[in-house]
């Protein structure tokens, strides 16, 4: 592993622009906070992405402490009036929505939904399909053939249509959204991992391990998996953003989470039905939240890719995402 | 090349079969019954439906047969050119689909043409002026485009046009043949919405592909023999850099067809997207199945066309 780190650091200095410093020592060997600081200096945009992600996590964790109202509750003011579409002001920083709920509270709690769906889909989906892609590439022959037919068939249909069809079958609920997104990830993740494993499989150290008679399981765990770790990290980052945007799309179309759950996508449904001119704040803020968070994950993913796997530059997995 | 095209075309068959089998089994393995949905009237309560009624409707619709029999009969009908009858609307699927299919395709083609027309110059400028302010500006622009959710951007476009220009796309729908101007007015905003997201990807690919080509020896040669810079970039670099752009645009088209669903629902365009959402709500899997088949076929044919065009654009590519 240490040798590999050295190789990667060396490769990075080759492709880095002359403006960047060209150190050759491995970032992994330094103390974690030094490594983070170096990453931030080298990749300021990536660090910005990391900060956005941290802010999302903090918002989700602290939601009950920082949100001024109950996100599901229809507010009743002193004279028993319901504040429908009240413009942003001191009482409601981002205004209220079409039934009289506080938008800022719904956005704060919405961070929980986005993070839950994103993490759930990535932990199950990227991990699961990663194993499938690895096995498909390593086993070859019939297994590979069957897996590749399924991948081809799913690649021919836009991801959103697959996910929508699954939601139609499962019915709308938070966990069903995760299941649907996991299935929607199959084709692009399996394909990316498979091609990576196919190239690692032909590396000399793998051939050498096979030549001295190491069993397949050992080769996969000791030699192939460590060399796919970077890809896993990069995919996980990108697909967190992907899952968040997909959940928002589903909820926007009315087949995602149930309407009372504060989902950023669901909050935009009314705005799309012509309410945007009446109450622009209700259509602007939830979308802004999705946009900033997804931008954060993409920036972080781009930076991780440049640092860990510069070979993927330009043709990163982001190019295969389906929305 | 003819042989290659034929072999690739034959590969469509298993891919399409697997795609339709996947959709078919999807509807079978999970509980939920289209017959029940029809009798209960969409969202209505299922308690009022008698078991006899249900059984009878299931028999009429052929839903009581084993799944492989249902699939086989569906497949034979498709091969005869019959996509089936909608479970919900009770009209032949093709009658509903044909008009909507053209609308969706028109929208998608408009969007991809708009995207390529904007993205290629953007990517080229970004590559030629690498690491200057212009390059950063265009890269920031494309990062934004990738992260921007289509549905939000669509809403913002409607808002911007309504507020600042006091203009909204006319309601209703006219086909390109009946009234081209009205058709254009109706589709321009949805097409712009779709194009923006697409543009970001294509500009990125154009930039990195141009950067790669610009390091090649033949560009130095072209400059050395005294060609004007515009000609070096336009004829020698761009022509060679366009191959990856083409590949990505092929992929993008499939993505676009997904995005169309969302955009159509925002702008109330009567395309396949709105029909798809409708069929999902009513569990009308005959319609859904037909849409999946049609879209998969379009995507596969397009990918083949992209592959074949390599040979035309780059004589070094040989098909085997």
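Summary of computed values
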read-out	value
Residue check, residue A:180 touching a helix residue (DSSP H, G or I) at 6+ places or on another chain (Cβ under 6 Å), more than 10 Å from every other protein chain (Cβ to nearest Cβ) and free of Cβ contacts under 8 Å to residues at least 40 places away in the same chain	no
Selection from segment B:274-289 of residues that are more than 9 Å from chain A (Cβ to nearest Cβ) and within 28 Å of residue B:189 (Cα to Cα)	B:274, B:275, B:278, B:287
Residue among A:257, A:294 that alone is closer than 22 Å to residue A:166 by Cβ, more than 14 Å from chain B (Cβ to nearest Cβ) and either at pLDDT below 90 or surrounded by 19 or more Cβ atoms within 10 Å (Cβ to Cβ) (or both)	A:257
Qualifying residue in segment B:305-317 (condition: within 12 Å of chain A (Cβ to nearest Cβ) and assigned to a helix (DSSP H, G or I))	no
Positions within segment B:41-55 being at pLDDT below 70 and more than 14 Å from chain A (Cβ to nearest Cβ), in sequence order	B:41, B:44, B:45, B:47, B:48, B:49
Count of residues meeting criterion [buried (at least 24 other Cβ atoms within 10 Å of the Cβ) and either without any contact (Cβ under 8 Å) to a residue 12 or more places away in the chain or more than 18 Å from the chain's Cα centre (by Cα) (or both)] in segment B:240-257	1
Any hit, segment A:223-235, residues being within 30 Å of residue B:260 (Cα to Cα) and buried (at least 20 other Cβ atoms within 10 Å of the Cβ)	yes
The lone exception for residue B:264 - which of (1) free of Cβ contacts under 8 Å to residues at least 24 places away in the same chain; (2) more than 10 Å from chain A (Cβ to nearest Cβ) it fails	(1)
Evaluation of residue A:166 against (1) within 14 Å of chain B (Cβ to nearest Cβ); (2) in contact with a strand residue (DSSP E or B) (Cβ under 9 Å, 6 or more places away or on another chain) (one fails), failing number	(2)
Residues located in segment A:271-285, provided they are more than 8 Å from chain B (Cβ to nearest Cβ) and not in a loop (DSSP other than H, G, I, E, B)	A:275, A:281, A:282, A:285
Matching option when the condition is surrounded by 23 or more Cβ atoms within 10 Å (Cβ to Cβ), within 14 Å of chain B (Cβ to nearest Cβ) and out of contact with any helix residue (DSSP H, G or I) (no Cβ under 6 Å at 6 or more places or on another chain), among A:110, A:171	A:110
Test result for residue B:138, within 14 Å of chain A (Cβ to nearest Cβ) and either in contact (Cβ under 8 Å) with a residue 60 or more places away in the chain or in contact with a helix residue (DSSP H, G or I) (Cβ under 7 Å, 6 or more places away or on another chain) (or both)	no
Out of A:151, A:206, A:200, sole residue that is within 14 Å of chain B (Cβ to nearest Cβ) and either in a helix (DSSP H, G or I) or more than 18 Å from the chain's Cα centre (by Cα) (or both)	A:151
Some residue of segment B:141-160 being out of contact with any helix residue (DSSP H, G or I) (no Cβ under 8 Å at 6 or more places or on another chain) and within 14 Å of another protein chain (Cβ to nearest Cβ)	yes
Residue under evaluation residue B:168, criteria (1) within 14 Å of another protein chain (Cβ to nearest Cβ); (2) over 25 Å from residue A:298 (Cα atoms); (3) under 22 Å from the mean Cα position of the chain (by Cα); (4) without any contact (Cβ under 8 Å) to a residue 60 or more places away in the chain, criterion not met	(3)
Criterion: away from chain A (no Cβ under 14 Å), assigned to a helix (DSSP H, G or I) and at pLDDT below 80 - qualifying residue of B:8, B:65, B:58	B:58
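Yes/no matrix, rows are residues, columns are (1) under 22 Å from residue B:310 (Cα atoms); (2) more than 14 Å from chain A (Cβ to nearest Cβ); (3) in a helix (DSSP H, G or I):
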residue: B:201; (1), (2), (3): yes, no, yes
residue: B:219; (1), (2), (3): yes, yes, yes
residue: B:223; (1), (2), (3): no, yes, yes
residue: B:236; (1), (2), (3): yes, yes, yes
residue: B:254; (1), (2), (3): yes, no, yes
residue: B:260; (1), (2), (3): no, no, yes
residue: B:270; (1), (2), (3): no, yes, no
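The values are calculated or read from the model by the stated rules, or taken from the named source; none is laboratory data. Since the structure is predicted, the reported quantities are computational estimates derived from the model, not experimental observations. Glycine gets a Cβ as well: all are built from the backbone with ideal geometry, and neighbour counts include every protein chain shown.
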